[in-house]
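Student: Supplied in structure tokens, the structure appears directly below.
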Amino acid sequence: MQILELRTDYFEEIQRVKDDLNAVILAHYYQEPEIQDLADFVGDSLGLARQVQGTAADVIVFCGVHFMAETAKILNPTKTVVVPDLQAGCSLADSCPPEAFSKFIEEHPGHAVVSYVNTSAEVKALSDVICTSSNAEKMIQNIPEETPIVFGPDKHLGRYLIEKTGRDMVLWQGTCMVHILFSERKIRQLKVRHPDAEVLAHPECEARVLRLADHIGSTSSLLKRAVESPARKFIVATEPGILHQMRKAAPEKEFIRAPGKGPEGACEACSECPHMRRNTLEKLYGCMSNLSPEITLDEDLRLRALRSIERMLEIG
Ligand code: 13P
Ligand code: SF4
């Protein structure tokens, strides 16, 4: 009862502060259900980047991870962008320090540089174009066929793109700490128990997991497939926050979390992104009340990073 009252209070208080600030609350699909329910817009990386373009709000409250909020700030320099927890990072972004990536680019002259949005502003500034899991194939295909490509930081997404496009790509060797943990063996076992289930997987998963998938795509693409597919049951190989929207959109269907590589009966929370899950209702309320932590960015760096993001948004 105590918890319920507390939750209701946060909901009401957050709505009140939001109106006072003329704020918009954005949430990624990997946020906890309560945060998703409070948000004005829930989406994938591309959807969220598009949503913030030219927003009429004065304050953008970004419930996701740092690179997402930073992208919002790059696109909206005059707006205040706050986040519930500044420490909410990303293993992919962390795997790609700008100095080392710059050296990698120098080692591959004549290559176009395509970077996944899960990177720092510094890495975006070194890139020709940014992509998300929604539009990566399109961004690669937009590069002249004879031009080789440096792609970073996710080696699994990169390898998947090579398979899809047949392009000459050199890959930075980063991985997502969440998506590499899904177990091919245990998904196979689950498929035996649920032969009618479709497997949905994010392209950050390992190749052997993707080989078991009936549908591969960004979080919004997986959600769309869950709704539109005639299947009634799904094994979902991505962060389980997305199950909240799947269950809301298709309450009559069954969604099963893909199991991780840990020992039998290992904790369910292991496939939750520890960065995304740093955000809580309490911290959300705190960042709105204090307008802190705020995302700030050097203007020269912002302008250099903006080029590659705008290029992506122009291509579509
Ligand atoms: P999406 O763009 O597909 O939502 O992916 C973001 C992400 O961080 C996946 O781990
Ligand atoms: Fe980064 Fe992986 Fe978390 Fe997505 S799920 S934010 S790629 S660590």
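The values are calculated or read from the model by the stated rules, or taken from the named source; none is laboratory data. Quick caveat, the model's predicted, so the values are computed rather than measured. Glycine also receives a Cβ, built like all others from the backbone with ideal geometry; neighbour counts cover every protein chain displayed. For the accessible areas, the whole protein counts, side chains as well, though only heavy atoms, and no ligand, DNA or RNA atoms are used. Shrake-Rupley method; radii C 1.70, N 1.55, O 1.52, S 1.80 Å.
Student: Determine, for each peptide in 92-99, 118-125, the mean count of other beta carbons within 10 angstrom over its residues, then list the peptides with the highest first.
Tutor: In decreasing order of mean packing, 92-99, 118-125 become 118-125, 92-99.
Student: Cα convex hull of the chain: how many Å³ per residue?
Tutor: 139
Student: Could you calculate the contour length gain from V170 to H194, that is, 0.36 nm times the residue separation minus the distance between their Cα atoms, to one decimal place in nm? Kindly include the intermediate steps, with their values, before the conclusion.
Tutor: On the way: separation 24, 0.36 × 24 = 8.64 nm, distance 3.80 nm.
Extra length available between V170 and H194 comes to 4.8 nm.
Student: At a 1.4 Å probe radius, carbon and sulfur cover how many percent of the accessible area of the chain?
Tutor: Carbon-and-sulfur percentage of accessible area, whole number: 50.
Student: A further question follows. Starting from the Cα gyration tensor of the stretch 57-198, take the square roots of the eigenvalues, sort them a ≥ b ≥ c, and report rounded, prolate or oblate (rounded when a/c is under 1.5, otherwise prolate if a/b is larger than b/c, else oblate).
Tutor: Since a/c reaches 1.5 but b/c is at least a/b, the shape of the stretch 57-198 is classed as oblate.
Student: About the Cα centre, and with charges only on the beta carbon of Lys, Arg (+1) and Asp, Glu (-1), how big is the dipole of the chain? Nearest 20 debye, please. Provide the component values of the computation, followed by the final result.
Tutor: Values: 36 positive and 46 negative charges, 224 e Å.
With Lys and Arg at +1 and Asp and Glu at -1, about 1080 debye.
Student: Please list, in order along the stretch 148-158, the HN-Hα scalar couplings obtained from phi with the Karplus expression 6.51 cos²θ - 1.76 cosθ + 1.60 (θ = phi - 60°), rounded to whole Hz, x for Gly and Pro.
Tutor: Calculated HN-Hα couplings, in order: x, 10, 8, 10, x, x, 8, 5, 6, 4, x Hz.
Student: Separate question: Considering the dipole of the chain built from charges on the beta carbon (Lys and Arg +1, Asp and Glu -1) around the Cα centre, which of T280, L223, N22 is farthest to its positive end?
Tutor: Towards the positive end, the residue furthest out is L223.
Student: Still on this structure: Work from the charge dipole of the stretch 58-170 (Cβ charges, +1 for Lys and Arg, -1 for Asp and Glu, about the Cα centre) and give the residue of H111, A121, F62 farthest towards its positive end.
Tutor: So the residue furthest toward the plus end is F62.
Student: Calculate, for the chain, the solvent-accessible area per residue in square angstrom, rolling a 1.4 angstrom probe over the heavy atoms of the protein chains.
Tutor: On the way: 13760 Å² over 316 residues.
Spelled out: the 1.4 Å probe surface of the chain, per residue, equals 44 Å².
Student: Assign unit charges at the C-beta atoms only (+1 for Lys and Arg, -1 for Asp and Glu), then state the dipole size of the stretch 239-316 relative to its Cα centre in Debye, rounded to the nearest 20.
Tutor: 140
Student: Sort the stretch 69-109 into rounded, prolate or oblate with this rule: let a ≥ b ≥ c be the square roots of the eigenvalues of the Cα gyration tensor; rounded if a/c is under 1.5, and if a/c is not under 1.5, prolate when a/b is larger than b/c, oblate otherwise.
Tutor: It is oblate, given that a/c is not under 1.5 and a/b is not larger than b/c.
Student: Here's a follow-up. When a/c reaches 1.5 or more, the comparison of a/b and b/c decides; with that in mind, is the stretch 151-295 rounded, prolate or oblate per its Cα gyration tensor?
Tutor: It comes out oblate by the Cα gyration axes.
Student: How large is ³J(HN,Hα) for each residue in the stretch 9-21, as worked out from phi by the Karplus curve 6.51 cos²θ - 1.76 cosθ + 1.60 (θ = phi - 60°), to whole Hz, x for Gly and Pro?
Tutor: 4, 4, 4, 5, 5, 5, 4, 5, 5, 4, 5, 4, 8
Student: Here is a follow-up. Note the direction-averaged projected area, equal to a quarter of the hull surface, for the Cα convex hull of the stretch 19-60, in nm².
Tutor: 2.9
Student: By the scheme Lys and Arg +1, Asp and Glu -1, what is the net charge of all other residues having a beta-carbon under 10 Å from that of Y30?
Tutor: Cβ neighbours under 10 Å give a net charge of -3.
Student: While we're looking at this one, here's another question. Using modelled backbone amide H atoms (1.01 Å from N, in-plane), which distant-in-sequence or interchain residues come within less than 5 Å of I235's amide H?
Tutor: Here E198, V199, L200, I256 satisfy the definition.
Student: With a Förster radius of 22 Å, plug the Cβ-Cβ distance of D19 and E294 into 1/(1 + (r/R0)^6) and report the FRET value to the nearest 0.05.
Tutor: According to the calculation, E is roughly 0.65.
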